[in-house]
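Before any comments, here is the structure.
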Amino acid sequence: MRRRIHRAPMAVASALLLGVFATSCSTEDPTDSTSGTDESSESSESPDASEESPADDQEWFDQAVYDEQFEQRSATFEGDPETPWLQYIDGEMTDTAEYASDQAGKACFANASISNPWRQTGWITMNQQLEALVDKGVISEMETRDAGDDDNTQIADIDYFISEGNCDAFIISPNSTAAMTDAVERACETGKPVVVFDRGVETDCATTFIHPIGGFAWGIDTAEFLIDNLEEGDKVVALRILPGVDVLEQRWAAAEKLFDENGIEAVDFFTGADPTEIKTFITDELNKGEVHGVWMDAGDGAVAAIEAFEDFGADLPVMTGEDEMSFLRKWEDTGLTGLAPVYSNFQWRTPLLALEKIWAGEEVPKEWVLPQVPITEDERGDFLEANDGMPDGHYAKFGGEDLPGYPEVWQERQIP
Amino acid sequence: MSATTAQGRPGRTLPLTDGSLPRRLVRGAVTPGGAVFILAAILFVAVLSANPSFGEPPQLIRFIGRTAPIAIAAMGQYYVIVSGEFDLSMGAVIATQVVIAGNYIGDDEGRVLPALVLMLVIGALVGLVNGLGTTLLRVPSFIVTLGTMLALGGLVRFLTGGAATGNPVDSFREIGRGGIQDVPVVEVLPYPVIVLVLVMVGGVWLMRSPFGRTIIATGDNPDAAALAGAHVWWVKTRAFMLSSLSATVAGILLVGYAGVHPSVGAGYEFQAITAVVLGGVVLGGGRGWILSAAAGAFALELLFSFLNFQEIESTWRPTVQGVIIILAVAAAGRAWSLGRRPSKSSPPAPPAASAPSPTTARPGTETGEI
């Protein structure tokens, strides 16, 4: 009796254990076979990349958008290159004559969050831009609600603005694409201008949708840099923040495709930007064999990645980070071969400047695509000099040099 | 399982305190607290076979160094769990200490020592609040420490806005990042390894002291411990303080190892609890060895490294980790009960006596036998 009681769970446990190992080892096979049939349009799959699931790619990879962004990287931008936050690619324009007003209006801003250094830097810049426009008599005030990375909170925020906010215009930085679509449409139905920026929504009802070129462009820039500086068969560790965010997934989808096509062996990890995890993953990879390149879908944690190589005593990798000061400084200190892709932080100014145009009755681009130009090693010195004294979490292309409070506000990094 | 340990000597639950060293080792290996060493050894062999260079002394010592923070945290959690409580605030304490180090020290070399003192004081204070909330206010420790976790999490968000602020001076980070150079065999002896050894020695000494015995007695049966003259509230409060102080030490090492980021320490409370359980320490208190908790942490880290070496797909990894942890705990417990099964049927009385112990979490193994 007793033995039987003990043995049954034992058998189940060991069977499960075997099952886990069996599935974990065999995940490669089914995905490989499906990729062969489904992705006939793709060039022949690199066998080296078999541990990545092409099924995930297909979910985020969109050939049309990829091609569009590929082209936009070399597109001509309208406007003065000195003020990139006002530049855009020529395209459909929204007529805003109906919104023309000579009074200062109230802006209502539904923000996804300020939970990473990129958003914080942008948020500071936005507030300084607001100050300038309030002084100018364009905007009377801006009421902001921070959703703290939560879809439900942001939907409630938008609905609050619609019903009680007494808003003359809405600015929305969506937390996620699909979930926010209905709420943005409700805002559009009020008949007031709606400005969406950064992440998108699945509706084109907004007066203007402001964003840099996009995630695929980031992925193309960074992957091409690594491919140019590495040999075929070299190993790249890809450090990713988290799954499921479209902007980040598109960066990886483009990079992974290019790595595959060019015979670069890439392994990806989700780190949550936690430097402990980053160091652990890299150290384990170094233990396993040489690592020639590091690719990041966001620069947060880049320093920890480089330190992992230093502590291990390994040769520094070819690396792509971001235009965050911590990476630019470490890049210069170590002299590694690197590139700082940019997800133009100055876009945080544009929504308020768009409102200025809208209330003046000037037309604005329906989809306002801002320039997105990586910082190369040659330009690095200039950006380091221009941002001397800025904290580590600051972004070099923050674009606020002509705003009130420069540079103290950014140096102190007082989050409003 | 407790049914079989208890036979003949219901009070004997600490094999480490009895007999000569070899005898204790042999006896210990078949307890859950000993099985974890076997589990760690198996995982070590698995990692080695996946990647032979892992076994080279310099790599190995680095691995021990990077596991030191979680092992120290696990030993801190051990005090609380063995006293019959939980500490969920560990990760938040680590994050707080990391942020304090970044914000307070910054580039000022002179603030290193004051900062260390400040961090230890804050660690002790958090533990005091947790302990007094649990014992004097009689709020379940699960809730008290959840509360401090949230409160500290909010503080960190307030101090940083949720993003990295910048690393403290390198001299402070040396504690977690540096080491003694030019050591024979291992090349470099990381400071975290030294800290880990000190904490281990201190922990073993502490658990053999009257305080250590009281803490186990308290976890086993607080009423009996109180009747025997122990100040249960103060014993438990000190356990919480030890836990928060361990988290502080882990935090200091992590600032050095990884740098300042609010996500440092995230999930450490659950990793520590998992390590403790892997180490065969009974949730609910009263049983377990402190070094088994540390070994549990090593087993856990070896498992993570094994998964890294196996190149499990990144999206799958947490699932695989979770399932393996459950199975490992189950298997460790089973292996032990197999090893301890008496050759002849044991008298039914002792199982009945120990049935109310927390190990009844295995339905069917005890009540059905009576």
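I need the full set of residues from the range A:245-279 which are out of contact with any Ser or Thr (no Cβ under 7 Å at 6 or more places or on another chain) and within 30 Å of B:GLY176 (Cα to Cα), in order please.
Across the range A:245-279, the qualifying residues are A:ALA266, A:VAL267, A:THR271, A:PRO275, A:THR276, A:LYS279.
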Of all residues in the range B:177-197 being charged (D, E, K, R) and either within 15 Å of B:GLN59 (Cβ to Cβ) or out of contact with any Gly (no Cβ under 8 Å at 6 or more places or on another chain) (or both), the one that is nearest to the other protein chains (Cβ to nearest Cβ)
B:GLU187
Of these, A:PHE281, A:PHE270, A:PHE309, which one is more than 9 Å from chain B (Cβ to nearest Cβ) and either surrounded by fewer than 24 Cβ atoms within 10 Å (Cβ to Cβ) or more than 19 Å from A:VAL342 (Cβ to Cβ) (or both)?
A:PHE309
Selection within the range A:312-330 - within 17 Å of A:ILE375 (Cβ to Cβ), away from every other protein chain (no Cβ under 13 Å) and surrounded by 24 or more Cβ atoms within 10 Å (Cβ to Cβ)
A:MET319, A:THR320, A:GLY321, A:ASP323, A:LEU328
Inside the range B:284-335, can you point out the residues that are within 24 Å of B:THR218 (Cβ to Cβ) and of a type in the set (S, T, N, Q)?
B:SER292
Any chance you could count how many residues in the range B:256-314 are of a type in the set (A, V, I, L, M), outside any helix (DSSP H, G or I) and facing another protein chain (nearest Cβ under 9 Å)?
5
How many residues of the range A:378-393 are charged (D, E, K, R) and assigned to a loop (DSSP other than H, G, I, E, B)? The answer is 2
Any residue at all in the range A:160-167 that is within 28 Å of A:ASP182 (Cβ to Cβ) and in contact with a Gly (Cβ under 6 Å, 6 or more places away or on another chain)?
no
Here is a check on your reading of the model: is B:ALA239 under 18 Å from the mean Cα position of the chain (by Cα), at pLDDT 95 or above and within 14 Å of another protein chain (Cβ to nearest Cβ)?
no
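Can you tell me which residues in the range A:270-317 are part of a strand (DSSP E or B) and within 23 Å of A:LEU328 (Cβ to Cβ)?
Once the filter is applied, which keeps residues that are part of a strand (DSSP E or B) and within 23 Å of A:LEU328 (Cβ to Cβ), the range A:270-317 yields A:GLY293, A:VAL294, A:TRP295, A:MET296.
Would you point out the residue of the range A:287-306, among those that are charged (D, E, K, R) and touching a Lys or Arg at 6+ places or on another chain (Cβ under 7 Å), that is farthest from A:ASN387 (Cα to Cα)?
So, considering only residues that are charged (D, E, K, R) and touching a Lys or Arg at 6+ places or on another chain (Cβ under 7 Å), the one farthest from A:ASN387 (Cα to Cα) is A:GLU290.
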For A:ALA97, state whether it is over 20 Å from A:GLU189 (Cα atoms), assigned by TED's automatic domain parsing to the domain that holds A:GLY361 and modelled with pLDDT of 90 or more.
no
State which residue pairs qualify: first residue part of a helix (DSSP H, G or I) and inside the range A:113-125, second residue among the polar types (S, T, N, Q) and crowded, with 24+ Cβ neighbours inside 10 Å in any location, beta carbons under 8 Å apart, and separation of 6 or more residues or different chains.
A:TRP118/A:ASN345; A:THR121/A:ASN345; A:GLY122/A:ASN345; A:GLY122/A:GLN347; A:THR125/A:ASN345
Applying the selection to the range A:328-355, what residues are outside any loop (DSSP other than H, G, I, E, B), farther than 23 Å from A:ARG73 by Cα and not basic (Lys, Arg)?
A:TRP331, A:GLU332, A:ASP333, A:THR334, A:LEU352, A:LEU353, A:LEU355
Of everything in the range A:57-86 that's at pLDDT 90 or above and touching a Ser or Thr at 6+ places or on another chain (Cβ under 9 Å), which residue is farthest from A:GLU367 (Cα to Cα)?
A:GLN63
Do you know which residues across the range B:222-259 are under 30 Å from A:PHE312 (Cβ atoms) and in contact with an Asp or Glu (Cβ under 9 Å, 6 or more places away or on another chain)?
B:ALA247, B:GLY256, B:TYR257, B:ALA258, B:GLY259
Apart from one, (1) buried (at least 18 other Cβ atoms within 10 Å of the Cβ); (2) in contact with a Leu (Cβ under 7 Å, 6 or more places away or on another chain) all hold for A:LEU403; the odd one out is (2)
How many residues does the range A:151-179 hold that are in a loop (DSSP other than H, G, I, E, B) and either within 22 Å of the chain's Cα centre (by Cα) or closer than 21 Å to A:SER115 by Cβ (or both)?
3
For the range B:1-15, enumerate the residues that are polar (S, T, N, Q) and either at pLDDT 65 or above or not in a helix (DSSP H, G or I) (or both).
B:GLN7, B:THR13
Answer yes or no: is there a residue in the range B:342-359 that is at pLDDT 75 or above and within 12 Å of another protein chain (Cβ to nearest Cβ).
no
Taking the range A:242-261 on its own, how many of its residues are surrounded by fewer than 18 Cβ atoms within 10 Å (Cβ to Cβ) and part of a loop (DSSP other than H, G, I, E, B)?
3
Quick check on this structure: which one of A:ALA360, A:ALA298 is outside the structural domain of A:ALA238 (by TED's automatic domain parsing) and modelled with pLDDT under 95?
A:ALA360
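The values are calculated or read from the model by the stated rules, or taken from the named source; none is laboratory data. Everything quoted here is computed from the prediction, not taken from an experiment. For neighbour counting, all protein chains shown are included, and Cβ atoms are generated from backbone atoms with ideal geometry for every residue, glycine included.
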